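A short worksheet on the structure shown next.
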Amino acid sequence: MVSPLSLSKKVCVIGAGPSGLVAARELRKEGHNVVVLEQRYDVGGQWLYEPNVESEDPLGMDTWKRKQMHSHIYRVPEPFRNEVVVVVGNSLSGQDISMELMEVAKEVHLSAKSLNITEGLSKVISKHENLHLHPQIETLQEDGRVVFVDGSWLIADTILHCTGYSYTFPFLDTKGMVAVDDDRVGPLYEHTFPPALAPSLSFVGIPRKIIGFPFFEAQAKWIAQLLSGKRTLPSREEMMDSIEEFYRSRDAAAIPKHYTHDIGDFEYCDRYGDHIGFPHLEEWRKQLCLSALVNADANLEAYRDSWEDHELLQEALQSPHFTQLGAEDLTF
């Protein structure tokens, strides 16, 4: 719903990553007074590159006495030269890091939940003798032994965890009205608004497996217009009904709670934008995303150098996102 009223609020944005920055921009455009809180020295969030980080991350695994770290502090492969490295997780970061490590490490052992892998990853493993695939880890032992669930084992120098990220809000006390349960943040209407506290409290950037930046912008615009009184949310009861129906649909599709916020649906992103009249994702953007995924599945090691989607790229360069830039900004 749209209202002619326009109110100015004092708003605190926590986090100066992509979600926080676009939220601050849209809030200011709507006339709100905005303060942004950021724990690091500069803006950017996960996109803020720091070349020098701590070398180890114990991750609470006391039985493992050797080196281990999470992929979020991985920077370059050179520190792992001539090592035996176990990479836990074979999603995007696990695959990318494994392919970098195999150029310098003695051996790279990729531990995955499923041994049903893509054609692209299978090609890489068959091509490189020092890259190996294993099932999940069963135990870690003090002598450096890594034992897998199939009974196989090896002695490793380093374990590198490419296991994704979890949601946590240690600074936020909602008296139980918003909780994180197995990576389900909820209850949240449209992955954004807790019915009991909206629109005073909202979350930007929770969904995964989407084209992130346009979606975050749509979230930010909706929040800003709600706070200014231009739009209103459904009733608390209606929002809870919508959330419960969403949960039932995920259960019926046998999607684990852990993947509540994995969207993977262009149509949902477009429907979300309809709440505020936000433009639908351009067809070239959708096709470029799908093209990258398909090419990676088929040819993981070389898909970034493929020009099979050159026509889509040229179409993208004609969009307003790029035509406002100078020629010097478009050198590839």
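With small (Gly, Ala, Ser) and within 26 Å of residue 15 (Cβ to Cβ) as the only criterion, which of 228, 235, 249 stands out? Give the steps one after another, and end with the answer.
Values: 235 fails: within 26 Å of residue 15 (Cβ to Cβ); 249 fails: within 26 Å of residue 15 (Cβ to Cβ).
The conditions single out 228.
Can you name the residue in region 108-162 that is of a type in the set (S, T, N, Q) and in contact with a Ser or Thr (Cβ under 9 Å, 6 or more places away or on another chain) and, of all such residues, is nearest to residue 86 (Cα to Cα)?
Narrowing region 108-162 to residues of a type in the set (S, T, N, Q): 111, 114, 116, 118, 122, 126, 130, 136, 139, 141, 152, 158.
Checking which are in contact with a Ser or Thr (Cβ under 9 Å, 6 or more places away or on another chain) leaves us with 136, 139, 141.
Details: 136: 11, 139: 13, 141: 14 Å.
Going through the qualifying residues, I end up with 136.
Is it the case that residue 226 is in contact with a Pro (Cβ under 8 Å, 6 or more places away or on another chain) and farther than 30 Å from residue 289 by Cβ? I'd like the intermediate steps shown before the answer.
Details: in contact with a Pro (Cβ under 8 Å, 6 or more places away or on another chain): yes; farther than 30 Å from residue 289 by Cβ: no.
Criteria not met by residue 226.
Could you say whether any residue in region 168-179 is within 21 Å of the chain's Cα centre (by Cα) and among the acidic types (Asp, Glu)?
There is no residue in region 168-179 that is within 21 Å of the chain's Cα centre (by Cα) and among the acidic types (Asp, Glu).
Whether any residue in region 287-295 is over 30 Å from residue 189 (Cα atoms) and of a type in the set (S, T, N, Q) is what I want to check.
From region 287-295, those over 30 Å from residue 189 (Cα atoms) are 291-292, 294-295; that's our starting set.
Cutting the leftovers down to of a type in the set (S, T, N, Q) gives us 291, 295.
Yes, that holds for at least one residue.
Show the residue pairs that are 6+ apart or on different chains and have beta-carbon atoms under 8 Å apart, the first residue being within region 133-153 and without any contact (Cβ under 8 Å) to a residue 12 or more places away in the chain, the second being open to solvent by 30 Å² or more (accessible area, probe 1.4 Å) and aromatic (Phe, Trp, Tyr).
Pairs found: 145/153; 147/153.
Tell me, which strands (runs of 3 or more DSSP E) wholly within region 94-205 include 3 or more residues that are open to solvent by 40 Å² or more (accessible area, probe 1.4 Å)? It would help to see each step written out before you state the result.
On the way: elements: 107-111, 131-134, 137-140, 145-148, 153-155, 158-161, 179-181, 184-186.
Those strands (runs of 3 or more DSSP E) span 137-140, 179-181.
Between 19, 71, 91, which is touching a helix residue (DSSP H, G or I) at 6+ places or on another chain (Cβ under 9 Å), modelled with pLDDT under 95 and among the hydroxyl-bearing types (Ser, Thr, Tyr)?
On the way: 19 fails: modelled with pLDDT under 95; 91 fails: touching a helix residue (DSSP H, G or I) at 6+ places or on another chain (Cβ under 9 Å).
Testing whether each residue is touching a helix residue (DSSP H, G or I) at 6+ places or on another chain (Cβ under 9 Å), modelled with pLDDT under 95 and among the hydroxyl-bearing types (Ser, Thr, Tyr) leaves just 71.
When the residues of region 59-89 are narrowed to those that are free of Cβ contacts under 8 Å to residues at least 40 places away in the same chain and either surrounded by 17 or more Cβ atoms within 10 Å (Cβ to Cβ) or more than 19 Å from residue 147 (Cβ to Cβ) (or both), which ends up nearest to the chain's Cα centre (by Cα)?
Step by step, filter region 59-89, then rank; the result is 73.
Quick check on residue 249: is it out of contact with any Asp or Glu (no Cβ under 9 Å at 6 or more places or on another chain), crowded, with 20+ Cβ neighbours inside 10 Å, without any contact (Cβ under 8 Å) to a residue 40 or more places away in the chain and among the hydroxyl-bearing types (Ser, Thr, Tyr)? If you could, list the steps in order and put the result at the bottom.
Values: out of contact with any Asp or Glu (no Cβ under 9 Å at 6 or more places or on another chain): yes; crowded, with 20+ Cβ neighbours inside 10 Å: no; without any contact (Cβ under 8 Å) to a residue 40 or more places away in the chain: yes; among the hydroxyl-bearing types (Ser, Thr, Tyr): yes.
It is false that residue 249 is out of contact with any Asp or Glu (no Cβ under 9 Å at 6 or more places or on another chain), crowded, with 20+ Cβ neighbours inside 10 Å, without any contact (Cβ under 8 Å) to a residue 40 or more places away in the chain and among the hydroxyl-bearing types (Ser, Thr, Tyr).
Test residue 228 against the criterion of being open to solvent by 30 Å² or more (accessible area, probe 1.4 Å), at negative phi and among the small types (Gly, Ala, Ser), and give yes or no.
Against the criterion (open to solvent by 30 Å² or more (accessible area, probe 1.4 Å), at negative phi and among the small types (Gly, Ala, Ser)), residue 228 does not qualify.
If you take just the helices (runs of 4 or more DSSP H) that sit entirely in region 234-332, which of them hold at least 2 residues that are more than 19 Å from residue 205 (Cα to Cα)?
On the way: elements: 236-252, 266-274, 283-298, 310-317, 320-323.
Output list reads 236-252, 283-298, 310-317, 320-323.
Against the condition out of contact with any helix residue (DSSP H, G or I) (no Cβ under 7 Å at 6 or more places or on another chain), at pLDDT 90 or above, assigned to a strand (DSSP E or B) and not small (Gly, Ala, Ser), how does residue 35 come out, does it pass?
On the way: out of contact with any helix residue (DSSP H, G or I) (no Cβ under 7 Å at 6 or more places or on another chain): yes; at pLDDT 90 or above: yes; assigned to a strand (DSSP E or B): yes; not small (Gly, Ala, Ser): yes.
Criteria met by residue 35.
Please identify the pairs in which a residue from region 31-46 that is within 24 Å of residue 226 (Cα to Cα) and of a type in the set (S, T, N, Q) has its Cβ atom under 6 Å from the Cβ atom of a residue that is outside any loop (DSSP other than H, G, I, E, B) and open to solvent by 90 Å² or more (accessible area, probe 1.4 Å), counting only partners at least 6 apart or on another chain.
33/10
Considering every residue within region 258-276, establish whether at least one is more than 21 Å from the chain's Cα centre (by Cα) and touching a residue at least 24 places away in the same chain (Cβ under 8 Å). Full working, then the answer.
Restricting attention to region 258-276, the residues satisfying the condition of being more than 21 Å from the chain's Cα centre (by Cα) are 274-276.
Of the ones still in play, those that are also touching a residue at least 24 places away in the same chain (Cβ under 8 Å) are 275-276.
Looking through region 258-276, at least one residue is more than 21 Å from the chain's Cα centre (by Cα) and touching a residue at least 24 places away in the same chain (Cβ under 8 Å).
The values are calculated or read from the model by the stated rules, or taken from the named source; none is laboratory data. What you see is a predicted model, and the numbers here were worked out from it, not measured in a lab. Quick reminder, even Gly has a Cβ in these numbers, built from the backbone with ideal geometry, and neighbours come from all protein chains shown. The area values use the complete protein model at the heavy-atom level, side chains included, leaving out ligands, DNA and RNA. Shrake-Rupley method; radii C 1.70, N 1.55, O 1.52, S 1.80 Å.
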